Each structure stands twice: as structure tokens, then as C-alpha cells.
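The values are calculated or read from the model by the stated rules, or taken from the named source; none is laboratory data. Values in this document were obtained by computation on a predicted structure and should not be read as measured data. Positions of Cβ are backbone-derived with ideal geometry, glycine not excepted, and every protein chain shown enters the neighbour counts.
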């Protein structure tokens with residue numbers, strides 16, 4: 001493996017280590033963002049339900065599904081949204097090689113739970129969007145719909161490869177499944193980050209069907225999936241230039257996630273968590 005050298009021939013930093021460090025940073029930032037998202041879901045959906053204050057959820061929820069006159073559709077909405085907190089708290093542990101090697105049983109059962117809940121979330125999400133009509137506009141729902149269609153496909157190939165003990169293929173599709181299942185979470189990050197970078201709306205609309213909204217709704221999962229494929233390519237290849245290219249792509253993804261998490265935490269999640277706790281206690 002080639003490395004950068006100083007004038008006396010002492011290695012400075014390698015492309016492989018740089019890529020590894022960037023990916024680890026990206027995972028840690030995503031983990032923090034996922035846990036904050038879990039706290040947000042529990043605060044504005046689970047706690048008000050437990051304390052019998054559904055009106056508080058209705059006032060804080062950005063989604064239409066929490067505020068419906070149909071008890072059946074409301075139940076489907078909560079079946080869709082509450083497990084997201086559990087997935088947010090546990091899903092990223094599947095990406096840690098040390099946990100996978102040291103606790104293989106946890107990896108298997110946690111993975112099964114994550115993929116099962118992810119499949120349930122995709123199906124209930126598609127129903128809520130098109131069956132129950134919980135959408136701001138048809139055009140603005142295309143990105144999340146395509147996301148929901150891809151989830152069962154990725155889960156099928158991840159599960160099939162695991163059963164056949166083709167673990168390299170399993171890892172690839174499991175990571176794509178993870179990205180897709182978290183597509184709506186990522187869309188929040190991309191949207192909030194977009195507002196921060198542009199100092200407000202730019203190509204956005206109230207019905208989430210502006211050109212920027214539509215582009216971000218697709219990019220929120222297609223871009224991380226593309227970056228993941230570049231990383232897989234670099235990991236299979238000994239070419240140092242390819243590894244540096246992958247490091248640049250991974251760094252771009254990490255920066256986008258960092259900005260998005262910071263924006264979502266400060267602009268969306270913490271303010272609503274504070275209002276929920278204030279309303280309850």
C-alpha cells in the first residue's frame with residue numbers, strides 16, 4: 001500500500017487509514033443524530049400518549065398522520081413512527097465490526113429486529129402516504145415513495161445473502177438497507193442543512209414539492225448509497241488513488257451529515273422536545 005512520505009521517507013498518513021477514520025467519524029455523527037432523533041420521537045409521540053395528552057402530540061407533530069379523525073389510521077401512524085425510535089437507538093450498532101465480531105448473537109438478533117421493523121415501516125409508510133392520503137402533494141411524495149419501494153428489495157437481498165452465508169454481499173445490502181430505512185431521517189437532515197446553508201428557503205415550498213425539496217428527497221438516500229458503493233470499490237481495490245477518491249466522497253457525506261444533524265438538532269428536535277416536556281411537566 002502506498003502512503004504519503006515526508007522528505008526522510010517517514011510515512012505521514014495513508015489513504016486507507018484516512019478513509020477508515022472518515023467513515024468512523026461519519027458513523028459516530030450519525031449515531032449521535034440517531035439518538036437525538038429517538039429522543040425527539042419519544043418526547044413528542046410516546047410520552048404524550050403515555051400521559052394521555054394526545055393534543056400535545058397533535059400540536060407538535062410535523063406529520064399529518066398524528067392528527068387524524070380516523071382511529072385506525074392514527075394507530076397505523078403510531079405503529080409506523082414509534083418503532084423508529086428503537087431502530088434509531090440500535091441500528092447503527094450493526095455497522096461496528098468490533099460488536100459484530102465480539103457479540104455475533106446480538107448482531108444477528110438486532111439485525112433481524114432492525115430489518116423487520118424497517119420493512120414494517122416501509123409498508124406502513126407507503127400506506128399512510130398513498131392509502132390514507134397523508135401527504136402534502138403527489139409530486140413531493142415521489143422521493144419518499146421510491147425510498148419505500150427500495151427498502152423491501154434491499155432487505156430481501158441482505159437477508160438472502162445472510163442465509164446463504166455470503167457475508168460480503170450481505171454486508172453490502174445490509175448497509176444499503178440501513179441507508180434506505182433511514183431515508184426519511186436523512187431527508188430531515190438534508191432539508192434542515194439546506195436551510196442553514198442558504199440562510200432560509202431556496203427552491204422549497206410549503207407543500208414540500210419545490211425543486212430543491214424533490215432533489216433533496218431523492219439525494220437523502222441515493223447519495224449515501226452511491227458513496228457507500230465508492231467505499232466498497234475502494235476497499236476491494238489496492239489502488240491508492242481510488243482510496244483517496246473514496247475518502248473525498250466519504251468526507252463529503254460526513255460533512256453533509258454533520259451540518260444536517262447540527263441543524264436538525266437546533267432547529268427542529270431540541271425546540272420541540274423542550275415544548276413537549278414543558279407541556280407534560
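Remarks
- Selected residue [over 20 Å from residue 192 (Cβ atoms) and modelled with pLDDT under 85] from 14, 59, 20: 59
- One residue alone among 108, 100, 112 is buried (at least 17 other Cβ atoms within 10 Å of the Cβ) and either more than 23 Å from residue 217 (Cβ to Cβ) or modelled with pLDDT under 85 (or both), and that residue is 100.
Table: residues versus (1) over 16 Å from residue 94 (Cβ atoms); (2) touching a helix residue (DSSP H, G or I) at 6+ places or on another chain (Cβ under 9 Å); (3) at pLDDT below 95.
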position: 132; (1), (2), (3): yes, yes, yes
position: 139; (1), (2), (3): yes, yes, yes
position: 146; (1), (2), (3): yes, yes, no
position: 149; (1), (2), (3): yes, yes, no
position: 167; (1), (2), (3): no, yes, yes
position: 180; (1), (2), (3): no, yes, no
position: 187; (1), (2), (3): yes, yes, no
position: 190; (1), (2), (3): yes, yes, no
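- When residue 262 is tested against (1) more than 22 Å from the chain's Cα centre (by Cα); (2) in a helix (DSSP H, G or I); (3) more than 26 Å from residue 129 (Cβ to Cβ), exactly one condition is not met: (1).
- Region 124-137 - residue that is surrounded by fewer than 17 Cβ atoms within 10 Å (Cβ to Cβ) and touching a residue at least 24 places away in the same chain (Cβ under 8 Å) and, of those, farthest from residue 191 (Cα to Cα): 127
- Of all the listed residues (179, 175), the sole one being surrounded by 21 or more Cβ atoms within 10 Å (Cβ to Cβ) and in a helix (DSSP H, G or I) is 179.
- Qualifying positions in region 145-158 - crowded, with 16+ Cβ neighbours inside 10 Å and free of Cβ contacts under 8 Å to residues at least 24 places away in the same chain: 145, 157
- Residues (under 21 Å from the mean Cα position of the chain (by Cα) and either over 24 Å from residue 148 (Cα atoms) or part of a loop (DSSP other than H, G, I, E, B) (or both)) located in region 209-224: 209
- Count - residues of region 225-250 that are under 17 Å from the mean Cα position of the chain (by Cα), surrounded by fewer than 19 Cβ atoms within 10 Å (Cβ to Cβ) and more than 26 Å from residue 140 (Cα to Cα): 1
- Taking the listed residues 203, 251, 279, the one that is in a loop (DSSP other than H, G, I, E, B) and either touching a residue at least 40 places away in the same chain (Cβ under 8 Å) or farther than 16 Å from residue 26 by Cα (or both) is 203, with no other qualifying.
- Qualifying residue in region 225-242 (condition: touching a helix residue (DSSP H, G or I) at 6+ places or on another chain (Cβ under 9 Å), at pLDDT 95 or above, within 30 Å of residue 61 (Cα to Cα) and part of a helix (DSSP H, G or I)): yes
- Selection status of residue 142, touching a residue at least 60 places away in the same chain (Cβ under 8 Å) and either within 16 Å of the chain's Cα centre (by Cα) or outside any helix (DSSP H, G or I) (or both): no
- Residue pairs meeting the criteria (Cβ under 9 Å; at least 6 apart or on separate chains; first part of a strand (DSSP E or B), in region 8-22; second buried (at least 18 other Cβ atoms within 10 Å of the Cβ) and modelled with pLDDT of 95 or more): 14/243
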